[in-house]
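Engineer: So that we are looking at the same thing, I have put the structure below in structure tokens.
The values are calculated or read from the model by the stated rules, or taken from the named source; none is laboratory data. Owing to the predicted nature of the structure, the values given are computational and were not obtained by experimental measurement. Cβ: placed from backbone, ideal geometry, glycine included. Neighbour counts: every protein chain shown. With ligands, DNA and RNA removed, areas are computed over all heavy atoms of the protein, side chains included. Shrake-Rupley method; radii C 1.70, N 1.55, O 1.52, S 1.80 Å.
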Amino acid sequence: MFNDIGPLELVTLVVLAVLIFGPDKLPKMIQDVTRTIRKIREFSESAKQDIRQELGPEFKDFEFEDLNPKTFIRKQLDNDDLGLKEIRNGFDLKKEMAEVTDAVHGRDSESSASSSSSSASGSSGGSVDMTKKPENARDERPPYDADAT
């Protein structure tokens, strides 16, 4: 309930409670607060039991935490019936990126697959040249145009 309160903040709250309510009334206030929290918990548990009874025996394992959208989605994604784990495990991002790079550069994917597997076994990752040079281009200068400058 108070997971994000640090020790200094807790001491500050205790000191403020002593200053506000005084040392005489503080124990009675703590008892009243704990009694109120206990009654709220009992009320919520009885409401949960009533809802479970009204839903019937097929919902006896129903958890109200499952109504939280994040929990529901997490449980559905972890479910093996959808086959998402096989898809996630079968997807190799490095291989897919190498195939895309080869397609952009117009190379065969078979030669890159062998080069990517050999580079994957090495420690260096290698870099991709993204410049727009044709493979047969030489480092020739374009003709000089004196009027253009």
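Engineer: Going by the conditions given, is Ile20 open to solvent by 100 Å² or more (accessible area, probe 1.4 Å), part of a helix (DSSP H, G or I) and among the β-branched types (Val, Ile, Thr)?
Structural biologist: On the way: open to solvent by 100 Å² or more (accessible area, probe 1.4 Å): yes; part of a helix (DSSP H, G or I): yes; among the β-branched types (Val, Ile, Thr): yes.
Taking the combined requirement at face value, the residue satisfies it.
Engineer: Please go through the range 40-58 and give me each residue that is modelled with pLDDT of 90 or more and open to solvent by 100 Å² or more (accessible area, probe 1.4 Å), ordered by number.
Structural biologist: Ile40, Arg41, Glu42, Phe43
Engineer: Now for a different question. If you check Ile37 against the conditions, is it at pLDDT below 90 and among the aliphatic types (A, V, I, L, M)?
Structural biologist: No, not satisfied.
Engineer: Just to confirm my filter: which helices (runs of 4 or more DSSP H) fall fully inside the range 63-149 and include at least 2 residues that are modelled with pLDDT of 80 or more and either within 30 Å of Gln49 (Cβ to Cβ) or of a type in the set (Ser, Thr, Tyr) (or both)?
Structural biologist: Counting at least 2 such residues, we get 69-78.
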